[in-house]
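Worksheet: one structure, shown below.
The values are calculated or read from the model by the stated rules, or taken from the named source; none is laboratory data. All of these numbers come straight from a predicted model, not from anything done at the bench. All Cβ positions, glycine included, derive from the backbone under ideal geometry; neighbour counts span all protein chains shown. With ligands, DNA and RNA removed, areas are computed over all heavy atoms of the protein, side chains included. Shrake-Rupley method; radii C 1.70, N 1.55, O 1.52, S 1.80 Å.
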Amino acid sequence: MREVTREAYAKINLFLRVLGVREDGYHDLESLIVPISLSDTVTCREAARLKLSVSGGEPSLSEGPDNLAVVAALALADESGSLDGADIELEKRIPVAAGLGGGSADAAAVLSALNELWACGLSQGKLVELAAQIGSDVPATLVGKPVLVSGRGEHVTPAEVPEMWWVVVPAPFHIRTPDAFRWWDEEGGSTGPDPARLVSLLASGDLLSATPLLFNDLEGPVFARHREVAETKWRLLEAGAIAAIMCGSGPTVAGLSRSEAEAKDVASRFDGAHVANTRR
Ligand code: C5P
């Protein structure tokens with residue numbers, strides 16, 4: 001039986017700049033999104049029908065049509081006219097509703113795997129278009145390399161970043177993305193600085209000059225409602241991280257280290273922390 005496997009990589013936003021709310025309720029944003037080595041695994045096998053099975057992760061994870069992996073498979077079937085099914089096996093390791101883009105990465109991996117398994121022949125550009133219909137973070141995760149993102153997330157262009165080692169500290173609770181954006185609205189919505197200098201420092205490999213410039217406009221609104229997320233950030237800095245930043249809409253916080261050894265040392269002080277490097 002034929003099968004296609006893809007790794008679905010979590011992401012970190014090196015900056016997340018929220019520009020404002022739009023008429024459709026989404027927010028225009030700018031971000032530099034980098035995939036990290038923490039991943040789920042997606043395996044798609046030929047089958048008469050479409051079926052998703054999930055292992056690992058939280059028991060509450062849906063195997064039904066509300067899982068973005070199924071949404072992605074149905075969107076691709078619709079776009080390509082494929083009448084085939086697939087057994088989709090999803091091994092979860094990325095924390096759920098944690099700001100790490102796990103669900104989006106799973107959807108992107110399904111698009112890519114089924115495009116091959118079903119021999120749909122959709123171009124990368126067409127897949128990115130389809131990805132944008134599934135969710136705002138799906139185009140960036142589909143690219144699988146660092147990207148600058150704009151619009152609500154649908155415009156992606158490649159970016160250069162140096163090697164980076166992260167300590168990823170998840171929280172024992174979830175934050176829904178729409179809530180974090182609504183809290184930003186409620187706080188009157190502050191927008192971080194023009195990221196041009198940060199982007200060019202990273203492109204030139206000057207990590208130490210870039211680190212003080214990392215920011216996430218959703219941190220303030222989230223910290224105001226979940227003090228423990230702010231505390232995780234300070235604990236990471238106290239433990240020796242050279243920068244710490246909330247991932248996407250939270251509540252995960254990622255601390256940056258100078259090396260793998262330093263990252264392991266910092267991670268040893270946190271329960272359930274992952275050490276991951278940036279995929280470039
Ligand atoms: O696109 P996605 O379905 O992942 O977005 C989930 C929710 O997050 C949206 O319904 C919206 O409330 C919020 N969002 C936003 N602006 C974005 C991305 C997401 O307001 N750029």
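Some values worked out for this structure:
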quantity	calculated
In segment 233-280, the residues that are more than 22 Å from V147 (Cβ to Cβ), among the polar types (S, T, N, Q) and surrounded by 22 or more Cβ atoms within 10 Å (Cβ to Cβ)	S257
Residue within segment 105-120 that is within 11 Å of the ligand (Cβ to nearest atom), in contact (Cβ under 8 Å) with a residue 12 or more places away in the chain and not assigned by TED's automatic domain parsing to the domain that holds G250 present	yes
Verdict on D87 being acidic (D, E), modelled with pLDDT of 95 or more, touching a helix residue (DSSP H, G or I) at 6+ places or on another chain (Cβ under 6 Å) and not assigned by TED's automatic domain parsing to the domain that holds R197	no
Residue match in segment 66-75 (condition: not assigned by TED's automatic domain parsing to the domain that holds G248 and not in a helix (DSSP H, G or I))	yes
Filter result (away from the ligand (no atom under 13 Å from the Cβ), open to solvent by less than 80 Å² (accessible area, probe 1.4 Å) and modelled with pLDDT of 95 or more) within segment 173-189	F173
Failed condition for V18, given (1) touching a helix residue (DSSP H, G or I) at 6+ places or on another chain (Cβ under 7 Å); (2) of a type in the set (V, I, T); (3) surrounded by fewer than 21 Cβ atoms within 10 Å (Cβ to Cβ)	(3)
Check on E46, within 16 Å of the ligand (Cβ to nearest atom), open to solvent by 50 Å² or more (accessible area, probe 1.4 Å) and over 14 Å from D106 (Cβ atoms)	no
Residue count for segment 168-197, restricted to those that are part of a loop (DSSP other than H, G, I, E, B) and free of Cβ contacts under 8 Å to residues at least 12 places away in the same chain	3
Set G20, G25: member being within 16 Å of the ligand (Cβ to nearest atom) and either free of Cβ contacts under 8 Å to residues at least 24 places away in the same chain or of a type in the set (F, W, Y) (or both)	G25
Identity of the residue in segment 214-227, over 21 Å from the mean Cα position of the chain (by Cα) and among the charged types (D, E, K, R), that ends up most open to solvent (accessible area, probe 1.4 Å)	R227
Exclusive hit being away from the ligand (no atom under 16 Å from the Cβ) and open to solvent by 50 Å² or more (accessible area, probe 1.4 Å), set G57, G64	G57
